[in-house]
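> Structure below; questions to follow.
Each reported figure results from applying straightforward, stated rules to the coordinates on display, with no laboratory input. For clarity, every value in this text was computed on a predicted model and none was experimentally measured. FYI the Cβ positions are ideal-geometry reconstructions off the backbone, even for glycines, and counts take in every protein chain you see.
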Amino acid sequence: IGSLRDKLLGPLTDSQEDVLKSSARSADYLNSTIANFLNLSRIEEGELKLKISAVNLKKATIEPAVNRLQEIATDNKMVVEINVPEDLTLECDPDLMNSVFQNLISNALKYGFKGTRVKVDSELSNEHVKLSVLNEGQGFSNEDRSNMFTKFSRFSAENYSTKSGTGLGLFVTKNIILKHNGNIWAESEQGKWAKFSFTIPKKQINE
């Protein structure tokens with residue numbers, strides 16, 4: 001699909017290009033959904049294992065997630081702004097951390113207002129890194145906040161009744177962060193913005 005969409009095999013008509021873009025989005029969504037269900041199974045069986053390595057956070061986890069979601073961002077006329085140092089290296093499981101950013105940025109694009117920015121920010125301390133994903137959007141209520149990290153949780157607001165999703169992304173994300181000895185939380189001002197933040201140690205203790 002990617003080769004056809006990117007015209008590597010020849011020119012396309014406008015209608016063919018639209019169909020291929022839709023197919024690519026569907027394939028990416030299916031891939032993300034499968035990953036979440038596989039990680040859910042590992043979490044419930046106590047088999048979620050970390051494969052720790054020193055990772056360039058921006059190049060190895062954040063940018064690949066943004067690239068996979070670029071079609072959604074373009075369709076919504078949204079821009080993902082990555083405010084993370086180029087040389088920020090972290091001890092983590094790169095595949096699982098990529099899944100974290102895939103889930104958080106996907107949600108930010110899905111629930112943000114069209115034509116706005118999604119911001120990925122970082123703050124550094126001696127031993128920890130704080131990362132956050134913020135969108136300008138409808139936000140969420142205190143009721144949603146108290147339940148959003150539970151399994152199969154969905155936003156209750158009528159504005160979100162047509163949004164697709166399994167309700168697994170934030171549950172899986174939380175467990176990945178906890179597995180990295182970190183913490184995750186959510187903040188919002190309804191009608192204006194929502195932000196998901198997490199902290200993890202720069203260095204992991206061997207299991």
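> What FRET efficiency would be calculated for the residue pair S53, N83, taking the C-beta separation as r and a Förster radius of 35 Å, to the nearest 0.05?
Given R0 = 35 Å and the Cβ-Cβ separation, E is 0.90.
> Taking the Cα centre of the range 55-158 as origin, work out the dipole magnitude from +1 charges on Lys and Arg Cβ and -1 charges on Asp and Glu Cβ, in debye rounded to 20.
Here the range 55-158 has a charge dipole of around 360 debye.
> Hey, another quick one. Provide the per-residue ³J(HN,Hα) series for the range 90-107, in order, calculated from phi with Karplus coefficients 6.51, -1.76, 1.60 and θ = phi - 60°, each as a whole number of Hz, with x at glycine and proline positions.
9, 7, 6, 8, x, 5, 5, 5, 4, 4, 4, 5, 4, 5, 5, 6, 4, 4
> For every other residue with a beta carbon closer than 11 angstrom to the beta carbon of S197, add +1 if it is Lys or Arg and -1 if Asp or Glu, then tell me the sum.
Numbers: positive: K130, K195; negative: D121, E123, E187.
Within the 11 Å Cβ shell, the charges total -1.
> Just the projected area, averaged over all directions, of the convex hull on the alpha carbon atoms of the range 86-129: how many nm²? Don't skip to the end; give the middle numbers.
Numbers: hull surface 16.1 nm².
Here the figure is 4.0 nm², rounded to one decimal.
> May I pose another question? Note down the magnitude of the dipole of the chain about its Cα centre, charges +1 on Lys and Arg C-beta and -1 on Asp and Glu C-beta and zero elsewhere, to the nearest 20 debye.
100
> Continuing with the same structure: Apply the Karplus curve 6.51 cos²θ - 1.76 cosθ + 1.60, θ = phi - 60°, to the phi angles in the range 185-201 and return the couplings in whole Hz, x for Gly and Pro.
Whole-Hz 3J(HN,Hα) from phi for the range 185-201: 8, 10, 9, 7, 10, 4, x, 10, 7, 9, 9, 10, 10, 8, 10, 9, x.
> In the range 51-149, which trypsin sites (Lys or Arg not before Pro) are in a loop and have at most 13 other Cβ atoms within 10 Å, using DSSP for the loop call?
Sparse-neighbourhood loop trypsin sites (Lys or Arg not before Pro): K51, K77, K114.
> With r defined as the distance between the Cβ atoms of F152 and K114 and R0 fixed at 30 Å, what FRET efficiency is calculated, to the nearest 0.05?
0.65
> Sum -39500 (n - 2.57) across every DSSP H segment of at least 4 residues in the chain, then divide by the residue count to get the 222 nm mean residue ellipticity, nearest 500.
-12000 deg cm²/dmol
> Computed from the mean reciprocal separation of all distinct C-alpha pairs, what Kirkwood hydrodynamic radius does the chain have, in Å?
17.9
> Moving on. Of the DSSP beta bridges with both residues in the chain, give the percent that are antiparallel, rounding to the nearest 5.
Antiparallel bridges make up about 85 percent of those DSSP assigns within the chain.
> Quick one: 3J(HN,Hα) in Hz for the range 134-147, Karplus 6.51/-1.76/1.60 with θ = phi - 60°, rounded, Gly and Pro as x.
10, 10, 9, x, 5, x, 8, 8, 4, 5, 4, 4, 6, 10
> Here is the link list: K110/K195; K130/K179; K21/K119; K7/K59; K174/K202. Which ones come out longer than 22 Å on Cα distance?
Cα-Cα > 22 Å for K21/K119; K7/K59; rest within.
> Along each of its three principal axes, how wide is the spread of alpha-carbon positions in the range 26-88, in whole angstrom units, largest first?
40, 33, 13
> S41 versus K192, label points 7 Å from Cα toward the beta carbon: distance in nm?
Distance between the two pseudo-spin positions: 4.4 nm.
> Using the charge dipole of the range 1-128 (Lys, Arg: +1 at Cβ; Asp, Glu: -1 at Cβ; taken about the Cα centre), state which of C92, N39, N56 has its Cα farthest towards the positive end.
N39
> Give the cross-link partners of K77 among the aspartates and glutamates, using a straight C-alpha distance below 20 Å as the criterion and excluding same-chain residues fewer than 8 apart.
Answer for K77, where 20 Å is the Cα cut-off: D6, D14, E17, D18, D28, E63, E136, listed by chain and number.
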